[in-house]
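Bear in mind these aren't lab numbers, they're just calculated from the coordinates by the rules spelled out. What you see is a predicted model, and the numbers here were worked out from it, not measured in a lab. As a convention, Cβ positions derive from the backbone with ideal geometry for all residues, glycine included, and neighbour counts pool all protein chains shown.
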């Protein structure tokens with residue numbers, strides 16, 4: 001699998017020994033969560049350097065801002081800068097097992113009534129596979145393409161006014177609907193004829209384009225069924241907001257470095273608010289490939305001990321762009337998470353086909 005980060009930070013290379021030691025420290029700390037000493041590296045990494053040499057190199061890496069030492073008798077821990085350099089420069093070409101690929105493919109390619117159900121299932125799957133939290137930015141429906149419009153006459157109100165449901169069906173199977181009351185009676189055949197006329201003119205446009213065109217027609221006052229168009233416009237106004245699915249928040253409770261319960265409570269509160277996370281995942285829509293946000297790059301101070309790996313996916317006809325991301329502690333298992341996010345985003349783009357009529 002070919003993989004490149006969409007937002008690498010180029011800091012120049014490290015000398016060979018320094019890069020080798022940094023890579024070993026990062027991998028050891030990701031696995032254990034325990035500060036890493038020179039003897040630990042000699043025992044675990046097989047890098048072929050003496051403890052004294054490793055200590056000197058680690059001291060250099062501390063001076064360069066790649067490692068930190070919680071106290072003088074402890075080993076070293078990677079900084080956010082170290083994780084960034086590791087992901088950009090030192091990460092081996094990541095791969096997924098056949099079983100992992102098949103598990104993702106089964107979820108993503110399953111035909112569902114609403115694409116949101118697929119995205120929900122994908123989020124749950126990634127949270128389970130990674131043991132971190134997973135976020136999926138569900139694209140705003142106004143990016144979707146219109147398939148057809150339908151009006152359904154309903155039972156009249158107690159005061160004898162006609163009730164009608166407007167349905168806007170998109171190519172991805174999403175349905176925007178609104179029930180409203182008409183002041184002037186219309187037969188079902190009239191409603192059907194108007195729906196066919198609208199569908200013929202507007203089919204294949206995004207819902208945002210549909211809204212713009214109908215607003216122009218209403219402004220010109222040339223439309224016979226202006227009341228119906230006004231109700232469609234009200235329906236379209238509700239299709240402009242992206243939604244965020246978050247699953248697996250409880251997985252973060254197993255990482256003690258995220259702090260005491262009150263700190264974890266702040267993390268959970270930040271995830272529940274979602275607004276800033278939506279803006280973060282919106283950033284992923286600006287470039288293809290996997291993007292990495294570490295520590296202070298996250299948009300909320302409560303999340304500065306965390307990292308996010310995210311990637312964009314694209315729906316039919318390059319519309320309906322969304323993003324999928326995994327959120328965990330800074331010592332995220334980048335070797336595992338980056339290929340999982342990348343593969344999931346690619347499959348969502350590849351298999352998000354227009355439903356058959």
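Observations on the model:
- R0 of 35 Å, Cβ-Cβ distance residue 216-residue 279: FRET efficiency to nearest 0.05: 0.70
- The stretch between residue 53 and residue 101 holds 13.1 nm of extra length on full extension. This uses 0.36 nm per residue minus the Cα-Cα distance.
- Cα shape, the range 10-63, gyration tensor, a/c 1.5 rule: oblate
- Sorted on the mean count of surrounding Cβ atoms within 10 Å across their residues, most packed first, peptides 68-78, 226-236 read 226-236, 68-78.
- Segment residue 63-residue 187, extension gain: residue separation times 0.36 nm, minus the distance between their alpha carbons: 36.7 nm
- Set of the range 169-195 residues, backbone N closer than 14 Å to the point 7 Å along the Cα-Cβ line of residue 161: 179-186
- Whether the range 142-237 is rounded, prolate or oblate, judged on the alpha carbon gyration tensor where a/c under 1.5 counts as rounded: prolate
- The sum of -39500 (n - 2.57) across all DSSP H runs of n ≥ 4, divided by the residue count of the chain, sets its helix-only mean residue ellipticity at 222 nm to -13500 deg cm²/dmol.
- Angle between the chain longest axis and helix 207-220 axis [Cα atoms, degrees, rounded to 10]: 40
- Nearest-ten-degree value, helix 115-130 long axis tilted from longest Cα axis of the chain: 10
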